[in-house]
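Heads up, the thing below is written out as structure tokens.
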Amino acid sequence: MYCNQCQETVKGTGCVKVGVCGKKDNVANLQDLLIYTLKGISYVSEKTGENNGAIDRYIVDSLFASVTNTNFDDKYLIENVKEGLKLRDSLKSKCGGNCGQLPDFATWNAKTDLEILEKSNSKEVSLQATENEDIRALRVTTLYGLKGIAAYLHHAMVLGENSGEIHKFIKKALIDISDDSKSADELTALVLETGKYAVDTMALLDKANTTKYGNPEITEVDIGVRENPGILISGHDLKDMEDLLEQTKGTGIDVYTHSEMLPAHYYPEFKKYEHFAGNYGGSWYKQKTEFESFNGPILMTTNCIVPPADSYVDRIYTTGVVGYPGLKYIPTVNGKKDFSEVIEQAKKCPSPVELETGKIVGGFAHNQVLALADKVVDAVKSGAIKKFFVMAGCDGRNSDREYYTEFAKNLPKDTVILTAGCAKYRYNKLNLGDIGGIPRVLDAGQCNDCYSLAVIALKLKEVFELDDINKLPIAFNIAWYEQKAVAVLLALLYLGIKNIHVGPTLPEFLSPNVAKVLIDKFELGGISSVEEDMKMFLGE
Ligand code: SF4
Ligand code: SF3
């Protein structure tokens, strides 16, 4: 195996024996083979001009399954590869077995699981197969952006929104990152084009979420517990959230959110459920202790799942593209998910152990912030708000992420944090106060709701009649972990935002030359100490 797709990769070298995330060698190889299979499908689809919804869905779900902390199940991946080969060959039949000269990813085949495993371990399948480090860096940056886009597109599709243009781009990009004739300049353009489609996909998901569940609004979320037994739901899938709330109505079971599901509380449509109790715990990496003390069943709708501890392994369920060997899985049958097994188990469990008490405030997506626009603009004009800090993205295990808590604590009182994604857990319980009634931490929602932050920035640019978004009093100090954050970063670059600082470390998969291009063109930077960075951001 070789994997360097997330921020926690073994520094400098990538994960080679086992992932820091717990991903095993065979799973990493199978994920690479899945990508290889997707390249073959895309290639044949382009060659034959044939395409269909099943292929698009397959590509999106497979890319999503390979995102960090999403699917650790070798059996699932093997079956997925088999399905991909079938889809690819069904496309090939359209050219009557005469599709011309085809590359290996469009022709290889396997009859047994062993052959699939052998292929997954071959040199040509590895993402490292590209020898030139700059070309390799540009190819994987595009690929990781595509994985993030696929995750967001999957959610939009579940809610009935779709876009042929985005699917078309995904296939084109998969072909382009496999095409040896593409130059570094062409691939750099492809990386930026990936940013454009990341914006489009986040906009599509925003439309899907708000059309179905209303616009997020200012909401206080309880972080304590009630007396009933509970079900904890984590991940990003709001359709699962809806179905679980519906099916638990009147059962005496309360539903709590964990990590990236917290923003579900901000949607008007979910407020009608009295048993929607609150949020339990913090971000994904704390699940080992928090799932244990929760006492009831846990439903993982997307990443991030970490290898479960024995203390709760019999009460954690996966669904959608999430998988972990040996865990119970809730399938979709005739378009529906049946959570009755989860609910029955919850009835037999003790109620959750209280970890903390109080409330956190969120719901500052674009519609809510724009409703407060006059207040915000006045606060900026009067000097009550000097600067906004976008501190969105991911949280992670490493202790160096304490930087973000310290940074938030040390920000001057006339600054406001705009956040989205699980990065918020580093500072959303600090009680940083408010400025004339505007909280100093404005949480827009999940990582995809970085789209809201971009909409807000563009609106402010318009209100202040600026010709350049970079003239706004907004600084970007974002944290990344997995590939959705790569998509978000590429989206921000596409929108022309400069001087974004990314931490706790810059992506390892960028070669020195590619990093230099991003630094020169976009003034992309890393982080240093809180003190140094504070001076730099505040221009002192
Ligand atoms: Fe390592 Fe991250 Fe890949 Fe897991 S996803 S194997 S931690 S680089
Ligand atoms: Fe978090 Fe995994 Fe990225 Fe959606 S849940 S932001 S890390």
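The values are calculated or read from the model by the stated rules, or taken from the named source; none is laboratory data. What you see is a predicted model; the values in this text were computed from it and never measured. Glycine also receives a Cβ, built like all others from the backbone with ideal geometry; neighbour counts cover every protein chain displayed. Protein only, heavy atoms only, side chains kept; ligands, DNA and RNA dropped before computing areas. Shrake-Rupley method; radii C 1.70, N 1.55, O 1.52, S 1.80 Å.
Applying a threshold of 7 Å to beta carbon distances and a minimum spacing of six or more residues, or different chains, the list of pairs starting in the stretch 256-273 at a residue that is touching a residue at least 60 places away in the same chain (Cβ under 8 Å) and ending at one that is more than 16 Å from ligand 2 (Cβ to nearest atom) and among the acidic types (D, E) reads Y266/E217. Take the residues in the stretch 407-440 that are crowded, with 16+ Cβ neighbours inside 10 Å and farther than 29 Å from G496 by Cβ, then tell me which one is farthest from ligand 2 (Cβ to nearest atom). Checked the stretch 407-440; the qualifying residue farthest from ligand 2 (Cβ to nearest atom) is L432.
If you go through the stretch 18-41 and keep only what is in contact with a strand residue (DSSP E or B) (Cβ under 9 Å, 6 or more places away or on another chain) and within 10 Å of ligand 1 (Cβ to nearest atom), you end up with V18, G19, C21, K23, K24, D25, V27, A28, Q31.
Only one residue in D395, D443, D400 is within 16 Å of ligand 1 (Cβ to nearest atom), open to solvent by less than 10 Å² (accessible area, probe 1.4 Å) and either touching a Phe, Trp or Tyr at 6+ places or on another chain (Cβ under 8 Å) or of a type outside the set (A, V, I, L, M, F, W, C) (or both). Which one?
Step by step, each of D395, D443, D400 is checked, and only D395 is within 16 Å of ligand 1 (Cβ to nearest atom), open to solvent by less than 10 Å² (accessible area, probe 1.4 Å) and either touching a Phe, Trp or Tyr at 6+ places or on another chain (Cβ under 8 Å) or of a type outside the set (A, V, I, L, M, F, W, C) (or both).
Of all the listed residues (K147, K168, K172), the sole one being open to solvent by 40 Å² or more (accessible area, probe 1.4 Å), closer than 19 Å to R57 by Cα, among the charged types (D, E, K, R) and touching a residue at least 60 places away in the same chain (Cβ under 8 Å) is K172. Residue check: S66 meets all listed conditions (1) of a type in the set (S, T, Y); (2) more than 16 Å from ligand 2 (Cβ to nearest atom); (3) surrounded by 20 or more Cβ atoms within 10 Å (Cβ to Cβ); (4) touching a residue at least 60 places away in the same chain (Cβ under 8 Å) but one, namely (2). Remark: pairs (first residue in the stretch 224-245, within 16 Å of ligand 2 (Cβ to nearest atom); second residue open to solvent by 10 Å² or more (accessible area, probe 1.4 Å) and assigned to a strand (DSSP E or B); Cβ separation under 8 Å; 6+ apart in sequence or on different chains) = D240/K337. For the stretch 428-477, the tally of residues that are in contact with a Ser or Thr (Cβ under 9 Å, 6 or more places away or on another chain) and basic (K, R) stands at 1.
Counting only strands (runs of 3 or more DSSP E) that sit completely within the stretch 188-285, those holding 3 or more residues that are more than 16 Å from ligand 1 (Cβ to nearest atom) and open to solvent by 10 Å² or more (accessible area, probe 1.4 Å) correspond to 219-222.
Among the residues of the stretch 5-18, just one is buried (at least 20 other Cβ atoms within 10 Å of the Cβ) and away from ligand 2 (no atom under 16 Å from the Cβ), namely C15.
Search the stretch 19-48 for residues being free of Cβ contacts under 8 Å to residues at least 40 places away in the same chain and away from ligand 2 (no atom under 16 Å from the Cβ), and hand back the single one that is farthest from the chain's Cα centre (by Cα). Applying the filter and picking the extreme gives D25.
Using the structure shown, decide if T289 is free of Cβ contacts under 8 Å to residues at least 24 places away in the same chain, in a strand (DSSP E or B) and either more than 30 Å from G436 (Cβ to Cβ) or acidic (D, E) (or both). No: the conditions fail for T289. Residues of the stretch 341-350 that are under 18 Å from T289 (Cα atoms) and open to solvent by less than 40 Å² (accessible area, probe 1.4 Å): C349 alone.
Please determine whether any residue of the stretch 48-63 is more than 20 Å from I170 (Cα to Cα), at pLDDT 95 or above and open to solvent by less than 40 Å² (accessible area, probe 1.4 Å).
no
Checking each residue in the stretch 71-84 for being open to solvent by 10 Å² or more (accessible area, probe 1.4 Å) and under 20 Å from L102 (Cβ atoms) picks out K82, E83. Only residues that are open to solvent by less than 10 Å² (accessible area, probe 1.4 Å) and either of a type in the set (G, A, S) or part of a helix (DSSP H, G or I) (or both): list them for the stretch 380-392, please. Hit for the stretch 380-392 is A392, nothing else.
Against the condition closer than 22 Å to L245 by Cβ, touching a residue at least 40 places away in the same chain (Cβ under 8 Å) and open to solvent by less than 10 Å² (accessible area, probe 1.4 Å), how does N303 come out, does it pass? Answer is yes for this residue.
Taking the criterion of being more than 18 Å from the chain's Cα centre (by Cα), closer than 18 Å to G503 by Cα and near ligand 1 (Cβ under 9 Å from one of its atoms), the residues of the stretch 1-17 that qualify are V10, G14.
Working only within the stretch 79-125, note down all residues that are in a helix (DSSP H, G or I) and hydroxyl-bearing (S, T, Y). Residues satisfying the conditions are S90, S93, T107, S120. On the stretch given as the stretch 408-434, residues that are under 19 Å from the mean Cα position of the chain (by Cα), assigned to a helix (DSSP H, G or I) and aliphatic (A, V, I, L, M) total 1. Restricting attention to the stretch 492-510, the residues being buried (at least 18 other Cβ atoms within 10 Å of the Cβ) and either polar (S, T, N, Q) or closer than 16 Å to L187 by Cα (or both) number 4.
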